[in-house]
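Engineer: Let me begin by handing over the structure; questions about it come next.
The values are calculated or read from the model by the stated rules, or taken from the named source; none is laboratory data. All figures in this text were calculated on a predicted structure; none of them were measured in a lab. Here Cβ is always computed from backbone atoms with ideal geometry, including for glycine, and neighbour counts include all displayed protein chains. The accessibility values were calculated without ligands, DNA or RNA, using every heavy atom of the protein model including side chains. Shrake-Rupley method; radii C 1.70, N 1.55, O 1.52, S 1.80 Å.
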Amino acid sequence: MFPGGNLDDLRRQRRERAEDGGRRVIIQEPGDRTIIRDGNRLIIRHDETDRFRRSYGGADFRVQQRGANQVTIIRQPNGEEILTERDADGNLIRRIRRDSYGREVILIQNEMPGRPRFPYGYLPRDVMELPPPVIAIPRERYIVDVEGASQDDLYEAFSAPPVMPITRAYSLDEIRQSQMLRERVRRVDVDTVTFDSGSWALSPEQFGALTGIATAIQRVLTQNPNEIFLIEGYTDAVGSDEDNLSLSDRRAETVATVLTQRFGIPAENLTTQGYGEQYLKINTQAPERRNRRVTIRRITPLLQGQQR
């Protein structure tokens with residue numbers, strides 16, 4: 001089953017509350033999404049377990065309590081397990097793949113020893129102040145538009161080292177919240193699929209437009225099955241900030257779901273994040289289909305602090 005829904009129904013189901021004397025506003029949405037307005041910051045977070053459930057319908061799901069933390073375990077018919085650990089506030093701590101022999105690989109580490117975690121994730125202020133990267137390669141190799149790109153172009157964008165040295169390993173929260181950090185790796189703009197206004201559904205006719213992307217990702221995973229790809233969702237500038245943030249987050253999830261269900265990309269190798277109307281591709285406040293899009297990056301070097 002692929003994600004879809006109605007924006008009007010979504011608005012009616014939202015539940016809002018204030019915290020910290022009204023400075024922080026929490027908006028709960030169906031699908032286990034939370035929008036947080038904290039001062040001038042507006043962020044969204046979600047539990048990716050629902051996407052895993054849709055993608056791995058034949059798997060065995062169970063939940064374990066480990067102290068204050070909760071671990072969701074997905075066991076595949078071949079004996080492989082995916083473990084997702086979250087803290088008492090629902091923040092992701094780590095995602096682990098365990099093979100049928102019990103050997104474990106950490107796919108995503110989102111814990112930052114020695115640094116405080118807020119109820120809604122880390123707020124990496126030092127990372128937010130990173131300078132823009134210095135780009136020494138042609139624009140068409142740094143930002144690859146799927147339309148017109150060859151399979152080798154896509155593979156290179158997903159397998160190339162960062163454009164600047166990576167000095168340490170970063171948490172997923174840091175990567176999601178810092179544009180300057182994300183821009184240290186190349187990106188692929190999936191301009192072959194766009195969304196109707198107010199919608200996060202893709203028609204089956206558009207699924208085929210993701211074939212090249214899926215083939216390139218599979219090619220990278222053949223070399224290293226533990227690579228992680230971030231799918232970023234965006235909207236145009238029409239609508240409220242909350243609506244656009246939720247729409248963009250759901251659009252990224254839609255693409256991740258299609259990549260898994262139609263093309264066999266393992267769900268655990270994908271993570272998603274919406275950015276609303278930030279970073280418009282076409283600088284206009286008017287309705288613009290090209291701004292209702294997704295972008296994909298390989299973020300493994302950022303998670304692991306590696307150049308390659």
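Engineer: Could you give every pair whose Cβ atoms fall below 6 Å, whose first residue belongs to the range 160-182 and is more than 24 Å from Glu48 (Cα to Cα), and whose second residue is polar (S, T, N, Q) and modelled with pLDDT under 90, counting only separations of at least 6 or pairs across chains?
Structural biologist: Final answer for the pair search is Pro161/Gln307.
Engineer: Which strands (runs of 3 or more DSSP E) sit wholly inside the range 209-308 and have at least 1 residues that are over 18 Å from the mean Cα position of the chain (by Cα) and closer than 23 Å to Glu80 by Cβ? Explain how you work it out, then say what you get.
Structural biologist: Numbers: elements: 229-233, 270-274, 294-298.
Fully inside the range 209-308 and qualifying: nothing.
Engineer: Which residue, of Arg168, Arg176, Arg187, is closer than 18 Å to Val255 by Cβ and open to solvent by 40 Å² or more (accessible area, probe 1.4 Å)? If you could, list the steps in order and put the result at the bottom.
Structural biologist: Working: Arg168 fails: closer than 18 Å to Val255 by Cβ; Arg176 fails: open to solvent by 40 Å² or more (accessible area, probe 1.4 Å).
Matching residue, one of Arg168, Arg176, Arg187: Arg187.
Engineer: Could you list all residues from the range 265-286 that are among the aromatic types (Phe, Trp, Tyr) and open to solvent by 30 Å² or more (accessible area, probe 1.4 Å)? Please lay out each step first, then the result.
Structural biologist: First, pick out the residues of the range 265-286 that are among the aromatic types (Phe, Trp, Tyr): 275, 279.
Within the range 265-286, just Tyr279 meets the criteria.
Engineer: Arg41 - would you say it is open to solvent by 30 Å² or more (accessible area, probe 1.4 Å), modelled with pLDDT under 85 and within 23 Å of Thr271 (Cα to Cα)? Give the steps one after another, and end with the answer.
Structural biologist: Numbers: open to solvent by 30 Å² or more (accessible area, probe 1.4 Å): yes; modelled with pLDDT under 85: yes; within 23 Å of Thr271 (Cα to Cα): yes.
For Arg41, the condition - open to solvent by 30 Å² or more (accessible area, probe 1.4 Å), modelled with pLDDT under 85 and within 23 Å of Thr271 (Cα to Cα) - is met.
Engineer: Let me ask another. Spot the failing condition for Gly57; the list is (1) within 23 Å of the chain's Cα centre (by Cα); (2) surrounded by 11 or more Cβ atoms within 10 Å (Cβ to Cβ), and only one is missed.
Structural biologist: Checking Gly57 against (1) within 23 Å of the chain's Cα centre (by Cα); (2) surrounded by 11 or more Cβ atoms within 10 Å (Cβ to Cβ), the one that fails is (2).
Engineer: From the list Tyr234, Tyr279, Tyr275, exactly one residue is aromatic (Phe, Trp, Tyr) and at pLDDT below 85. Which is it? Lay out the reasoning, then the answer.
Structural biologist: Numbers: Tyr234 fails: at pLDDT below 85; Tyr275 fails: at pLDDT below 85.
Only one candidate qualifies: Tyr279.
Engineer: If you don't mind, there's one more thing I want to ask. Please find, among Ala252, Ala216, the residue that is open to solvent by less than 50 Å² (accessible area, probe 1.4 Å), within 16 Å of Glu147 (Cβ to Cβ) and either without any contact (Cβ under 8 Å) to a residue 24 or more places away in the chain or in contact with a Phe, Trp or Tyr (Cβ under 9 Å, 6 or more places away or on another chain) (or both).
Structural biologist: On the way: Ala252 fails: within 16 Å of Glu147 (Cβ to Cβ).
That would be Ala216, the only listed residue that is open to solvent by less than 50 Å² (accessible area, probe 1.4 Å), within 16 Å of Glu147 (Cβ to Cβ) and either without any contact (Cβ under 8 Å) to a residue 24 or more places away in the chain or in contact with a Phe, Trp or Tyr (Cβ under 9 Å, 6 or more places away or on another chain) (or both).
Engineer: Does Gln206 satisfy being open to solvent by 50 Å² or more (accessible area, probe 1.4 Å) and either outside any helix (DSSP H, G or I) or not hydroxyl-bearing (Ser, Thr, Tyr) (or both)?
Structural biologist: Values: open to solvent by 50 Å² or more (accessible area, probe 1.4 Å): no; either outside any helix (DSSP H, G or I) or not hydroxyl-bearing (Ser, Thr, Tyr) (or both): yes.
Here the answer is no, as Gln206 does not meet what is asked.
Engineer: Among the residues of the range 79-94, count how many are under 16 Å from Arg62 (Cβ atoms), of a type in the set (D, E, K, R) and touching a residue at least 24 places away in the same chain (Cβ under 8 Å).
Structural biologist: Filtering the range 79-94 for residues under 16 Å from Arg62 (Cβ atoms) gives 79-86.
Subset that is of a type in the set (D, E, K, R): 80-81, 85-86.
Filter once more, keeping what is touching a residue at least 24 places away in the same chain (Cβ under 8 Å): 86.
Final tally of qualifying residues: 1.
Engineer: When the residues of the range 60-69 are filtered to those that are assigned to a strand (DSSP E or B) and of a type outside the set (S, T, N, Q), which remaining residue is least open to solvent (accessible area, probe 1.4 Å)?
Structural biologist: The first filter runs over the range 60-69 and keeps only residues assigned to a strand (DSSP E or B), leaving 60-66, 69.
From what's left, of a type outside the set (S, T, N, Q): 60-63, 66.
Working: Asp60: 77, Phe61: 46, Arg62: 84, Val63: 82, Arg66: 109 Å².
Ranking the candidates gives Phe61 first.
Engineer: If you don't mind, there's one more thing I want to ask. From the list Asp47, Asp8, Asp20, exactly one residue is within 22 Å of Val238 (Cα to Cα), out of contact with any helix residue (DSSP H, G or I) (no Cβ under 9 Å at 6 or more places or on another chain), free of Cβ contacts under 8 Å to residues at least 60 places away in the same chain and not β-branched (Val, Ile, Thr). Which is it?
Structural biologist: Numbers: Asp47 fails: within 22 Å of Val238 (Cα to Cα); Asp20 fails: within 22 Å of Val238 (Cα to Cα).
Checking each option against the conditions leaves just Asp8.
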